[in-house]
Amino acid sequence: MCIRDSSKLVRISKAIRKLRSNSHSKNKSRAIGLCRVVADRYADTTLSIGVPASIVLNAQSAELQTYLVGQIARAASIFRVDEIVIINDCESVREKSKMKRDVVSFFVKNLEYLETPQYLRKALFPVLPELQYTGLMNPLDAPHHLRQDEESPYREGVVIDRPVKEGKGSWANIGLKKECQVDVRLATGTRITVKLAEHNPKHYTGTVVSSLEPKRVLGKYWGYTIRVAENLLDALSNCPYTKSGYDLVIGTSDKGQSHEGLEFKELPTYSHAMIMFGGLPGIEGLVEGDEGLPLDRAESERLFKYLSLIHI
């Protein structure tokens, strides 16, 4: 991968680390220290990142584009990102690119594939051209990617085509030697999160629960969701966790000061944070290209609590 792509990934990782840091060292920078509230209140907070789809076009081949998406997915998993928002900013950029495929679909499919536990992929993903080079991506090895011999009160599963009596729910593959009977009748191929009951000698039984429950109950990271936004305003105004939206929004820009040496005021208590990254034309380009925002490039800072938490 070209040096420019690698630098972008490193900087994305640094910005996420600012919010997910759980360091208690007094010698750390004030910016990191003040963000410890995220670690202390992890089960009650969410962290989202906004990434323009056009950054995929910064890689020169399909193999490198796949690897780039894989690195973003891995960084999101390491720093426990709950939601990745893909902003469809490719129309103006695509005309200058030789890439003919749907960039957003390519981005989303590869992110979804990596987030899915290995034992579910064959059932959930048919052979697709977007997934041609998935073998180049590093595995996430996230906590919900459980192996067959690992015990957990929750597991990810997929509903399978197996006859079941009326009112007896569905059968699911949850990555164990025996199948699991769940309490809800669902369509074959539906991905579910299962809370396991006591083990039955013949098979497993469980309850279908929200994918957010393992995090709330166990304080354990349980993967990310993916949302596609048509523009910057759509990304910021349609928070899936609450109608009131993200209560802390941080923008990044290469036009601002470096985070090194900046004296941040104390971060407010929040529930849902968003870090927004710019694409090839920067975050100012996203602002300028959004007809729903009455702002120009120079006024981008007005959208965010902090601009340039990390200099990219």
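Summarising the amide proton neighbourhood of Met274: residues at separation of 5 or more, or on other chains, whose placed amide H is nearer than 5 Å comprise Ser48, Leu248, Val249, Ile250. Across the protein chains, with a 1.4 Å probe defining accessible surface, the residues Val103, Val184 rank Val184, Val103 from largest area downward. The residues His199, His144, His272, sorted by heavy-atom accessible surface at 1.4 Å with ligands and nucleic acids left out, run His199, His272, His144 from largest to smallest. Computed about its Cα centre, the charge dipole of region 149-203 is approximately 240 debye, with only Lys, Arg, Asp and Glu carrying charge at their Cβ.
Extension gain for the segment Gln118 to Leu218, taken as residue separation times 0.36 nm less the Cα-Cα distance, is 33.8 nm to one decimal.
The alpha carbon centroids of region 230-251 and region 106-148 are separated by 27 Å. PRE reach from Ser211 (point 7 Å along Cα→Cβ): which of region 102-140 fall under 14 Å by backbone N? So the set is 108-118, 120-121, 124-125.
Between rounded, prolate and oblate, where does region 124-234 land on the alpha carbon gyration tensor, with a ≥ b ≥ c its root eigenvalues, rounded for a/c under 1.5, else prolate if a/b exceeds b/c?
prolate
The candidates Arg155, Arg121, Arg191, Arg216, arranged from most to least accessible area with a 1.4 Å probe in the full protein assembly, appear as Arg216, Arg191, Arg121, Arg155. Of the solvent-accessible surface of region 109-184, computed with a 1.4 Å probe over protein heavy atoms with every protein chain present, carbon and sulfur atoms account for 49 percent. PRE reach from Asp234 (point 7 Å along Cα→Cβ): which of region 54-88 fall under 19 Å by backbone N? 54-57, 83-88, by backbone N distance to the label point. Label zone (Thr269, point 7 Å along Cα-to-C-beta; backbone nitrogen cut-off 20 Å) within region 188-224: 216.
The values are calculated or read from the model by the stated rules, or taken from the named source; none is laboratory data. Because the structure is a prediction, the values reported are computed rather than measured. Virtual Cβ from ideal backbone geometry, glycine too; neighbours counted across all protein chains shown. Please note that ligands, DNA and RNA were not included when accessible areas were found on the heavy atoms of the full protein model with its side chains. Shrake-Rupley method; radii C 1.70, N 1.55, O 1.52, S 1.80 Å.
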